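Here, each number is a calculation from the coordinates, and none is a lab measurement. Keep in mind the model is a prediction, meaning the values are calculated, not measured. Neighbour counts run over all protein chains shown; Cβ positions are idealised from the backbone, glycine included.
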Amino acid sequence: MFLGKIIDYIIGKALFEIYLSDPKEAAVLNLLKKSGFYDCRVTGEKINLSCSCSDAKVIDETLNEMNIKHNFRTVGLFYTLSNLKYRLGAVAAIALCICMHTYFSGMIWEISVVGNESVSADEIRTKLHSLGVYEGCRKKNINIPKLSMEYMLQDDRFSFVHLNINGTTGVLKVSERTKSEKKPDKKEVSNIVARCDGVITRLDVYSGGREVENGETVVKGQLLISSFFETRLSGFLLRRAKGVAFAKTSPTFEMHIPKEYAKKDNDGKIYEKNTLSVLDFSFLLDGANVLLNEKSITLEKSYDRISLFGLVETPVYISTEKYTVCKTEKVKRTKKEAQSIFDKEYEKWKDSFSQDAEILSENFLFDETEKEFIFISNLSCIENIGVDKPFKIGEN
């Protein structure tokens, strides 16, 4: 049945509507049998029937002779095309739409990024642009496996990069690389050396050879417990050094605070900037009243792509950006304000440092220059300064 409709549309047919003023006029169907009509339907005072285009003229003449009101029209592919020759503008518009749709559908007009966390989508799009993938590029020119490989070779922050193309939209799926801290191998042979300068107060050796004594002054990197040690039965052995080395140290916390700083002031107004973009070219429509030396904070950004007849997307879109402007001015900082900043940062550092050390005393110093305040805190404390260092031949 469906195939018959397609054949009818290609060959063409005539559709008649016959209006009956008297039910007896329905007998006209008997006179029209020889004309070969089909799909006849009688509904009240109207008869609908179909016939071939060649038989339409005979049926039309018969109905005219009988003064029966009717009308008919021809439908089909060839008749539609023949009527279009009188509407060249419409034909040209349809042809233009088809050509533009065919051309522009072979391009990427939107690129979205999925899976990024610490790296911004704008930074990723900029990198893609340098690799030849951008809004307005041809899809056939993109080698996806090569793109993934080149991106990861040039940016080691990602462990997975793949571009999926859905119509005219490119979706870049990424996975950021997670840096795992290397755990020390407990079986690896290592020495214990000094992490900083100090005076040894207690050295407990669990495995290895003692290299310094209590009360001895050591410097950063000096060997404290060696992986070599001598036994009575086996002679010299090489094992992982184990132990703790407590020492009296003098760490220093120093902070330089500028006397002037840049203060940002938001005027509270929301500005709007509209930009017309065509491929890689952008033209500012309005919003140019903002001074170039002022910094702006974008609140919202939207894109409206222009389509042709509502069917074909074009490489032209208007971006609307809403933002606030931050003006900066230099403000002088007082010593009291600088002292407050130092105290806050020093307490944070002290809390973290005191978890692994015992603070014996603190000595504070203050100095200032033309441009900055200088705060210094000298501490005296007891801490474990021994750290593992992998054994290497030639160091012992």
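How far apart, in nm, are the 7 Å Cα→Cβ label points at ILE6 and ILE341?
Spacing of the two 7 Å Cα→Cβ label points: 7.8 nm.
What are the residues whose amide H is under 5 Å from the amide H of ASN116, where those residues sit 5 or more places off or on another chain and H is modelled from the backbone?
VAL174
Going through the cross-link list LYS139/LYS173; LYS264/LYS336; LYS139/LYS273; LYS127/LYS330; LYS173/LYS327, which pairs have a Cα-Cα distance over 26 Å in this structure?
LYS139/LYS273; LYS127/LYS330; LYS173/LYS327
What does the highest-first list of 12-21, 130-139 look like by mean Cβ count within 10 Å?
12-21, 130-139
Please give the FRET efficiency for SER319 paired with THR178, using the beta carbon to beta carbon distance and R0 = 35 Å, rounded to the nearest 0.05.
0.55
Output the relative contact order of the stretch 324-396, whole-number percent, from Cα pairs under 8 angstrom with separation of 6+ residues.
Computed value for the stretch 324-396: 25 percent relative contact order.
In nm, give the distance between the simple-model label positions of ILE374 and TRP349, each being 7 Å from the Cα along the Cα-to-Cβ direction.
In this crude label model, ILE374 to TRP349 measures out at 1.4 nm.
Using the beta-carbon distance between SER105 and HIS256 and R0 = 51 Å, what value does 1/(1 + (r/R0)^6) give for FRET efficiency, to the nearest 0.05?
Efficiency for this residue pair is about 0.25.
Could you work out how far apart the two model spin labels at LYS263 and LEU284 are, taking each label as a point 7 Å from the Cα in the direction of the beta carbon, and quote it in nm?
2.9 nm
Quick one: which residues, 5 or more positions from ALA357 or on another chain, have an amide H under 5 Å from its amide H? H modelled 1.01 Å from N in the peptide plane, none for Pro or chain starts.
Correct list: empty.
Rounded to the nearest 0.05, what FRET efficiency do ARG239 and HIS162 give with R0 = 41 Å and r taken as the Cβ-Cβ distance? Could you check?
Using R0 = 41 Å, I get an efficiency of 0.25.
Contour minus end-to-end for TYR271 and TYR38, with contour as 0.36 nm per residue of separation and end-to-end as the Cα-Cα distance?
Additional length available on full extension: 76.9 nm.
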